[in-house]
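Below is one structure, written out as structure tokens, with a few remarks after it.
The values are calculated or read from the model by the stated rules, or taken from the named source; none is laboratory data. Remember, predicted model here, so these are calculated numbers, not experimental data. Cβ placement follows ideal geometry from the backbone for every residue including glycine, while neighbour counts extend to all protein chains displayed.
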Amino acid sequence: MNLFKHPWMLLLMPLAGLLAGFARAQSARRLSSAGMPAEMPALRTLRTRLFAIVPFWGRVLAIMLVIFALARPQKASRGEVPPAEGIDIMLALDTSYSMAAEDFHPYNRLEAAKKAAADFVKRRKNDRIGLTVFGGAALLACPLTLDYQSVLEMLETSALNMTRADGTAIGDAIVTAVNHLRESKAKSKAIVLLTDGRSNTGLVTDLNLAAKTAQAYDIKIYTIGTAGKGRAQISTGDPMQPVIFIDEDLDEPALREIAGLTGGEFYRAKNYAELNNIYAKIDSLERTRFNAKTFTNYSDLYLYFLAPALALLALLLLLERTYFRTVP
């Protein structure tokens with residue numbers, strides 16, 4: 001947005017012609033005293049035509065530019081100050097082999113989880129988000145950050161068995177996420193843990209202990225079970241056995257208890273639409289509430305008018321001392 005700091009200076013615009021006429025008369029007197037005839041000869045050459053136009057209108061333009069500069073044109077840019085303390089959220093994503101099950105049409109479980117989590121990240125504002133991935137082990141894929149594009153890129157590159165360890169280590173995933181949230185100064189901290197199975201490996205086998213560790217640091221855990229009812233198929237890419245079937249193995253009671261111990265919620269998603277709605281619900285529950293503070297930065301633009309004005313006046317002075325000094 002552009003504006004003027006001293007708009008009343010624009011009222012001087014009508015004076016530009018008077019000042020330019022006075023300046024031209026003064027210049028003509030100087031030229032006459034230097035030997036130039038006061039009256040223009042009848043012969044109209046290019047030089048005399050330019051002399052009749054350039055000094056006067058050049059000064060008019062230069063004075064107008066000076067008046068614009070005196071009016072202090074400014075460019076205003078508005079922004080928003082983020083809250084000093086927001087919400088820190090660690091996404092914990094199961095990448096074990098069973099997440100390849102194709103019961104979240106048109107996606108498999110992992111693809112559906114990644115897409116729903118990405119939509120969740122895109123809805124956030126001024127809250128730090130991180131990503132932990134787990135299978136038979138847990139890894140920090142992305143530390144807490146406001147750089148949502150980095151989180152989205154890490155989500156996109158998350159793949160089956162990326163931890164290179166078989167099984168589902170839910171306890172390790174919780175402790176890893178807690179370890180990166182415990183030093184946070186955010187007013188609210190949460191873990192959103194998504195899995196389709198049960199904890200069957202890892203260093204931390206006591207899920208209640210893992211949940212109580214999160215509780216000790218005021219971290220809520222939202223658990224999402226992603227598994228349809230009954231058996232599900234997985235494409236193998238092997239023409240001899242194109243698909244295999246896995247049984248439902250979601251440990252719903254354990255996930256409920258983890259969420260309950262920390263003040264979070266458990267959700268069960270049996271298809272992609274339900275999964276997306278769950279993330280939307282968590283998004284509404286864990287949201288920073290603050291009154292946005294706006295600020296305005298002003299950048300002066302007067303030099304864009306003053307510099308051309310001075311250059312134009314210098315050019316006119318040079319022309320009158322040289323090219324317009326005599327009339328052919």
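Does at least one position in the stretch 167-185 carry a residue that is over 29 Å from residue 253 (Cα atoms), surrounded by 18 or more Cβ atoms within 10 Å (Cβ to Cβ) and assigned by TED's automatic domain parsing to the domain that holds residue 92?
yes
Considering only the stretch 136-146, I want to know if a residue exists there that is of a type in the set (Val, Ile, Thr), modelled with pLDDT of 95 or more and either surrounded by fewer than 20 Cβ atoms within 10 Å (Cβ to Cβ) or touching a helix residue (DSSP H, G or I) at 6+ places or on another chain (Cβ under 9 Å) (or both).
No, because not a single residue in the stretch 136-146 is of a type in the set (Val, Ile, Thr), modelled with pLDDT of 95 or more and either surrounded by fewer than 20 Cβ atoms within 10 Å (Cβ to Cβ) or touching a helix residue (DSSP H, G or I) at 6+ places or on another chain (Cβ under 9 Å) (or both).
Limited to the stretch 99-151, what total is found for residues that are of a type in the set (Ser, Thr, Tyr) and touching a residue at least 60 places away in the same chain (Cβ under 8 Å)?
The total comes to 1.
Considering only the stretch 152-168, state which residues are among the hydrophobic types (A, V, I, L, M, F, W, C) and either touching a residue at least 60 places away in the same chain (Cβ under 8 Å) or closer than 22 Å to residue 197 by Cα (or both).
Scanning the stretch 152-168 gives 155, 159, 160, 162, 165.
Just to be sure before I move on: is residue 72 basic (Lys, Arg), over 22 Å from residue 255 (Cβ atoms), surrounded by fewer than 22 Cβ atoms within 10 Å (Cβ to Cβ) and not assigned by TED's automatic domain parsing to the domain that holds residue 249 in the structure I sent?
Criteria met by residue 72.
In this structure, does residue 262 turn out to be of a type in the set (Val, Ile, Thr), modelled with pLDDT of 85 or more, out of contact with any Leu (no Cβ under 6 Å at 6 or more places or on another chain) and farther than 30 Å from residue 7 by Cα?
Criteria met by residue 262.
Take the stretch 169-197 and flag every residue that is polar (S, T, N, Q) and within 21 Å of residue 115 (Cα to Cα).
Within the stretch 169-197, just 195 meets the criteria.
Taking residue 322, is it among the β-branched types (Val, Ile, Thr) and modelled with pLDDT of 90 or more?
Considered against the rule, which asks whether it is among the β-branched types (Val, Ile, Thr) and modelled with pLDDT of 90 or more, residue 322 comes out as no.
Could you name every one of the strands (runs of 3 or more DSSP E) located completely within the stretch 74-183 that has at least 2 residues being under 20 Å from residue 275 (Cα atoms)?
87-94, 128-134
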